[in-house]
Amino acid sequence: MSTTIDQAGTYTLGNRTVRRLGYGAMQLAGPHVYGPPKDADAARAVLREAVELGVNHIDTSDYYGPHITNQLIREALHPYRDDLTIVTKVGARRGDDASWLPAFSAQELELAVHDNLRNLGLETLDVVNLRAMFDPLKPAEGSLAAQLEALAGLRQRGLIRLIGLSNVSIQQVREAQRIVPIACVQNMYNLAHRHDDPLIDALAAEGIAYVPFFPLGGFSPLQSDALSAVAAQLGATPMQVAIAWLLQRSPNILLIPGTSSLLHLRENLAAAQLVLSADILARLEAIAAPAASAS
């Protein structure tokens, strides 16, 4: 099937090949990623449309909702297409007040894997990312050895095919690679949040996928205005420009922009057709400069 997003190319995710433009399901849950969506039928329609438009990489977690997004994915897409790769996360749980709490013991990780399997309707999870929760908002140092050894055991039992990492530092990636093969790393990264530049380049040299989230997260008002000006010049949305910049940043970057809107889904995937000139790239690099100098 030839689709618009083919123009973004493909990359390997472990032993699977996926299109570089995927879909993140987090926004399908209710407000603050907690509880059911206002319109479950609309959420399922977005998932079906994403796959029809060529998406074969969906990012989710059973702690979205909790359980809600995985149940929606199963209801909308099961039985799954053979080429669809579903990536989920473990390492956190939700409090009754919708807070994000660590769930890092071997028992909690195994329970989370079984929750994902049950709610997605799978016997084996394609990829499980271990999300570090030493600081829920950003990478913070701390050993992940015990947690990775627990996941490696679940992998040996056939419950997981591939293991990835989320919210981690380059030191934690190196520690993890001494324990188990790492298929991908998922961190916050975008035009204004460039702390992972060295990690992206190192992973690219090793053929490992890097999956940024929050394409427009952490922008100052000045940076947002500058991005909007570039987007207006190109006849595109700021999100489309942010996605196109990420696609051109490095071939190992896989994108998972999320939305609960069919219109925004189509706009996001259309960014595959947007090629940024050297002049536009230079203007975008200048947008990042204030963040770099302030950090």
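The values are calculated or read from the model by the stated rules, or taken from the named source; none is laboratory data. None of the values given here were measured: they were computed from a predicted structure. With ideal geometry, Cβ positions are generated from the backbone for all residues, glycine too; neighbour counts draw on all protein chains shown. Please note that ligands, DNA and RNA were not included when accessible areas were found on the heavy atoms of the full protein model with its side chains. Shrake-Rupley method; radii C 1.70, N 1.55, O 1.52, S 1.80 Å.
Points worth noting:
- Neighbours of Thr10, meaning other residues whose beta-carbon lies under 11 angstrom from its beta-carbon, give a summed charge of +1 when Lys and Arg score +1 and Asp and Glu score -1.
- Accessible surface, per residue, of region 197-293 when the full set of protein chains is kept, probe 1.4 Å, Å²: 41 Å²
- Mean ellipticity per residue at 222 nm, deg cm²/dmol - from DSSP H runs of n ≥ 4 across the chain, formula -39500 (n - 2.57): -12500 deg cm²/dmol
- Karplus (6.51, -1.76, 1.60) ³J(HN,Hα), θ = phi - 60°, over region 153-168, in Hz, Gly and Pro reported as x: x, 5, 5, 5, 7, x, 8, 9, 8, 9, 10, x, 10, 9, 6, 10
- Two-site FRET efficiency, Gln171 against Asp82, from Cβ-Cβ distance with R₀ of 45 Å, rounded to 0.05: 0.75
- When nucleic acids and ligands are ignored and a 1.4 Å probe is applied, Phe214 ends up with an accessible area of around 100 Å².
- Residue-normalised convex hull volume from the C-alpha trace of the chain: 128 Å³ per residue.
- Remark: accessible surface ordering of Arg174, Arg118 (largest first) is Arg118, Arg174, probe radius 1.4 Å.
- Accessible area per residue, Å², region 69-143 with all protein chains present, probe 1.4 Å: 46 Å²
- Between helix 221-234 and the chain: long-axis angle, C-alpha atoms, 0 to 90°, nearest 10: 70 degrees
- Percent carbon-and-sulfur accessible area, the chain, ignoring ligands, DNA and RNA, probe 1.4 Å: 55 percent
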